[in-house]
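Enquirer: One structure coming up, written as structure tokens, with questions to follow.
The values are calculated or read from the model by the stated rules, or taken from the named source; none is laboratory data. Bear in mind the structure is a predicted one, so any value in this text is a computation, not a measurement. We place every Cβ from the backbone using ideal geometry, glycine too, and count neighbours over all the protein chains shown.
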Amino acid sequence: MTVSTAEAFYERAAGGRFLSTRNTTGPWDPASQHAGPPAALLALAVEERAGRRGEFRIARLTYEIMRPVPVAPVTVRTRVLREGRSVELVEAELAPDDGPAVMRATALLLKAAPGSVPEVRPDPEVPGLEEALGREFFPVPWEQGYHTAMELRFTAGSFLELGPATVWFRMRVPLVAGEGITPLSRALVAADSGNGISATVDYSRYVFVNPDLTVGIDRHPEGEWVCLDARTTIDAAGIGLAEAGLHDEKGPLGRSAQTLYVAPR
């Protein structure tokens with residue numbers, strides 16, 4: 001298995017192929033990626049396709065996570081499902097070299113016309129970075145991974161405290177080696193963490209995984225930091241929902257939601 005050593009989450013290769021780095025490794029399994037980096041990578045592929053019609057912007061992404069994404073070379077492919085004058089639907093899928101797709105995104109793109117309508121936006125709704133504190137990631141038995149590639153600052157909650165949390169995220173490394181970070185990538189690398197930061201049941205006693213992720217964004221973030229204001233609810237039947245407001249220092253920019261499968265370990 002080839003794993004890139006680039007100081008990024010991925011290194012671009014030929015033919016839509018990307019070499020994963022150890023920075024993508026999630027906290028649960030050293031062979032599996034945190035879903036944040038591949039979510040951002042799929043969106044980047046959609047953004048690059050959308051660049052052919054520059055007035056279109058991604059407004060919503062729905063991800064299906066069919067199985068864990070391996071820390072290995074992966075290929076990303078896109079196809080247009082619907083192409084219209086003001087609405088476009090694009091599908092992107094990610095697959096390892098030796099198997100079928102493990103993650104798929106359906107992206108809704110809308111035609112954007114800056115200044116064409118009044119802007120209606122609330123003021124900032126979460127404490128700013130000046131009130132945020134750096135707190136340790138919960139214990140991870142390997143040295144490098146998503147937990148070291150991201151900088152986190154809490155204004156409420158912590159990894160070792162159950163319940164809602166408000167956390168500012170910043171990428172320490174680029175998504176793709178040698179390339180700039182798009183505003184959307186900053187939001188999506190963080191968005192899949194809502195479940196983890198707002199856990200309501202004990203990690204040691206229960207498993208709670210999200211087979212999907214939906215992110216709606218009406219304004220792409222500005223600056224390096226993105227904040228998740230997250231909370232989780234769970235039904236006694238073992239189905240849960242993690243929801244998060246997405247913010248930057250200017251104010252709200254969207255929301256994310258993860259459906260959860262919850263069960264005793």
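Enquirer: Kindly establish whether residue 8 is part of a helix (DSSP H, G or I) and surrounded by 21 or more Cβ atoms within 10 Å (Cβ to Cβ).
Expert: No.
Enquirer: Consider only pairs whose beta carbons are under 7 Å apart and that are at least six residues apart or on different chains; among these, list those whose first residue lies in the stretch 109-132 and is surrounded by 13 or more Cβ atoms within 10 Å (Cβ to Cβ) and whose second residue is modelled with pLDDT under 85 and not in a loop (DSSP other than H, G, I, E, B).
Expert: These pairs meet every condition: 109/50.
Enquirer: Which condition does residue 158 not pass, out of (1) without any contact (Cβ under 8 Å) to a residue 24 or more places away in the chain; (2) small (Gly, Ala, Ser); (3) touching a strand residue (DSSP E or B) at 6+ places or on another chain (Cβ under 6 Å); (4) crowded, with 16+ Cβ neighbours inside 10 Å, if it passes all the others?
Expert: Looking at each condition in turn, residue 158 falls short on (3).
Enquirer: With the requirement that a residue be more than 23 Å from residue 12 (Cα to Cα) and hydroxyl-bearing (Ser, Thr, Tyr), what does the stretch 38-88 give you?
Expert: 62, 86
Results for (1) closer than 18 Å to residue 193 by Cα; (2) of a type in the set (Asp, Glu); (3) in contact with a helix residue (DSSP H, G or I) (Cβ under 8 Å, 6 or more places away or on another chain); (4) buried (at least 20 other Cβ atoms within 10 Å of the Cβ), shown as yes or no for each residue.
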| residue | (1), (2), (3), (4) |
| --- | --- |
| 26 | yes, no, yes, yes |
| 35 | yes, no, no, yes |
| 38 | yes, no, yes, yes |
| 80 | no, no, yes, no |
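Enquirer: Moving to a separate point now. If residue 87 satisfies every condition in (1) β-branched (Val, Ile, Thr); (2) within 30 Å of residue 2 (Cα to Cα); (3) out of contact with any helix residue (DSSP H, G or I) (no Cβ under 6 Å at 6 or more places or on another chain) but one, which is the exception?
Expert: Unmet for residue 87, out of (1) β-branched (Val, Ile, Thr); (2) within 30 Å of residue 2 (Cα to Cα); (3) out of contact with any helix residue (DSSP H, G or I) (no Cβ under 6 Å at 6 or more places or on another chain): (2).
Enquirer: Can you tell me which residues in the stretch 73-97 are of a type in the set (A, V, I, L, M, F, W, C), over 16 Å from residue 40 (Cβ atoms) and in contact with a Ser or Thr (Cβ under 6 Å, 6 or more places away or on another chain)? Full working, then the answer.
Expert: Taking the stretch 73-97 as the starting set, the residues that turn out to be of a type in the set (A, V, I, L, M, F, W, C) are 74, 76, 80-81, 87, 89-90, 92, 94-95.
Filter once more, so that each one left must be over 16 Å from residue 40 (Cβ atoms): 80-81, 87, 89, 95.
Scanning the stretch 73-97 gives a single hit, 95.
Enquirer: Could I ask something else about it? With (1) in contact with a His (Cβ under 7 Å, 6 or more places away or on another chain); (2) within 21 Å of residue 179 (Cβ to Cβ) as the list, and residue 26 as the residue in question, which single condition is left unmet?
Expert: Residue 26 satisfies all of (1) in contact with a His (Cβ under 7 Å, 6 or more places away or on another chain); (2) within 21 Å of residue 179 (Cβ to Cβ) except (2).
Enquirer: Filtering the stretch 11-38 down to residues that are assigned to a helix (DSSP H, G or I) and out of contact with any Phe, Trp or Tyr (no Cβ under 6 Å at 6 or more places or on another chain), which residue is farthest from residue 211 (Cα to Cα)? It would help to see each step written out before you state the result.
Expert: Looking only at the stretch 11-38, we keep the residues that are assigned to a helix (DSSP H, G or I), and these are 22-24, 36-38.
Now restrict to residues that are out of contact with any Phe, Trp or Tyr (no Cβ under 6 Å at 6 or more places or on another chain): 22, 36, 38.
Values: 22: 22, 36: 13, 38: 14 Å.
The residue in question is 22.
Enquirer: Which pairs turn up if I take residues in the stretch 247-263 that are closer than 11 Å to residue 223 by Cβ and without any contact (Cβ under 8 Å) to a residue 60 or more places away in the chain and look for partners that are surrounded by fewer than 19 Cβ atoms within 10 Å (Cβ to Cβ) and among the small types (Gly, Ala, Ser) with beta carbon separation below 9 Å, at least 6 apart in sequence or on another chain?
Expert: 248/223
Enquirer: Considering each residue of the stretch 112-163, count those that are basic (Lys, Arg), within 30 Å of residue 57 (Cβ to Cβ) and at pLDDT below 85, and give that number.
Expert: 1
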